[in-house]
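To keep things clear, I will list the structure first and then write my remarks on it.
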Amino acid sequence: MTTATHTPSHTVITPSILYFGTPVALLTTENEDGSANLAPVSSAWALGQTVVLGLGADGRTAANLAARPDLVINLPSPDLWEAVERLAPLTGSFPVPEAKRVRGYRYEPDKFTAAGLTPVPSETVRVPRVAECPLQLEARVRHSSPDAEGHFLIVECGVVRVHADRRIVVPGTQHVDPALWSPLIFNFRHYQGLAPELGHCFTSETPTGR
């Protein structure tokens, strides 16, 4: 009897970006004049009560957080992708940095209105939350450092308060129901939602079929 063997079918590629499926976040930060800046990011991950962000080093968000550490990490659902995309070509920096200008970015001081989103007051930080986002994390910067090449900033944020739409919370608990909410995913510059659940980890506190 012969045993079938698997023949690898991989090829070496050199992609320009490595957004291999990460959640989109809308970051609210405070401008010098006290107004709010709103910017989409697609490099974010959480560990405990800490969220680590990857930001462009020359952007308005990075400048704001270097001077004023308060922020809100707003997590949109897939149905908000068009609002996120309306923000994508905008910058709060004036004049527009050369690297962004040549790529078609334009200055926009009122990003909430441009995106069609609604600011609502936060409780522990100075900047507003995005009303339409099902999850809103009030946070403060704890530490920031450049990446090895100096193009990006790696920003560590401590979450101080979490706001969740009541409709996505498991009744009587502190848990978000993954059957009722999923993040907007940025997958190689394409917007996607999560596919139907395949299963759950043995450590899940919200198992399927509860």
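The values are calculated or read from the model by the stated rules, or taken from the named source; none is laboratory data. Everything numeric here is computed off the predicted structure, so don't read it as measured data. Glycine gets a Cβ as well: all are built from the backbone with ideal geometry, and neighbour counts include every protein chain shown. Just the protein is used for accessible areas: all its heavy atoms, side chains included, with ligands, DNA and RNA removed. Shrake-Rupley method; radii C 1.70, N 1.55, O 1.52, S 1.80 Å.
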Next on the checklist: Once you order the gyration tensor axes a ≥ b ≥ c over the Cα atoms, which shape class does the chain get: rounded for a/c under 1.5, otherwise prolate or oblate by comparing a/b with b/c?
Outcome noted: oblate
Checklist entry - In the chain, what percent of the accessible surface is made up of carbon and sulfur (1.4 Å probe, ligands and nucleic acids excluded)? => result 56
Checklist entry - When the Karplus curve 6.51 cos²θ - 1.76 cosθ + 1.60 is applied with θ = phi - 60°, which whole-Hz ³J(HN,Hα) does each residue of the stretch 100-106 get, with x for Gly and Pro? => result 8, 4, 5, 9, x, 6, 9
Checklist outcome for this item: chymotrypsin sites (Phe, Trp or Tyr not before Pro) in the stretch 49-112 lying in a DSSP loop, each with at most 10 other Cβ atoms within 10 Å of its Cβ, come to none
Checklist entry - Hey, what's the chain come to in accessible area per residue, 1.4 Å probe, Å²? => result 62
Next on the checklist: Tell me the mean residue ellipticity at 222 nm calculated for the chain from its helices only (DSSP H runs of n ≥ 4, each -39500 (n - 2.57), averaged over every residue, nearest 500).
Outcome noted: -2500 deg cm²/dmol
Next on the checklist: Nothing charged except the Cβ atoms of Lys and Arg (+1) and of Asp and Glu (-1): what's the magnitude of the dipole of the chain about its Cα centre? Round to the nearest 20 debye.
Outcome noted: 60
Checklist entry - If you plug each phi of the stretch 71-76 into the Karplus form 6.51 cos²θ - 1.76 cosθ + 1.60 with θ = phi - 60°, what whole-Hz ³J(HN,Hα) values come out, in order, with x for Gly and Pro? => result 7, 10, 9, 8, 10, x
Checklist entry - What's the extension gain from Asp147 to Arg101 if we count 0.36 nm per residue and subtract their Cα-Cα distance? => result 14.3 nm
Item to check | Relative contact order computed over the chain (Cα-Cα under 8 Å; 6+ residues apart), in percent | outcome: 23
Checklist entry - With r defined as the distance between the Cβ atoms of Thr173 and Val52 and R0 fixed at 30 Å, what FRET efficiency is calculated, to the nearest 0.05? => result 0.70
Checklist outcome for this item: By the mean-Cβ-within-10 Å protection proxy, highest first, 52-63, 127-138 rank as 127-138, 52-63
Next on the checklist: Starting from 0.36 nm per residue, how many nanometres of slack lie between Thr118 and Gln192 once their C-alpha separation is accounted for?
Outcome noted: 24.4 nm
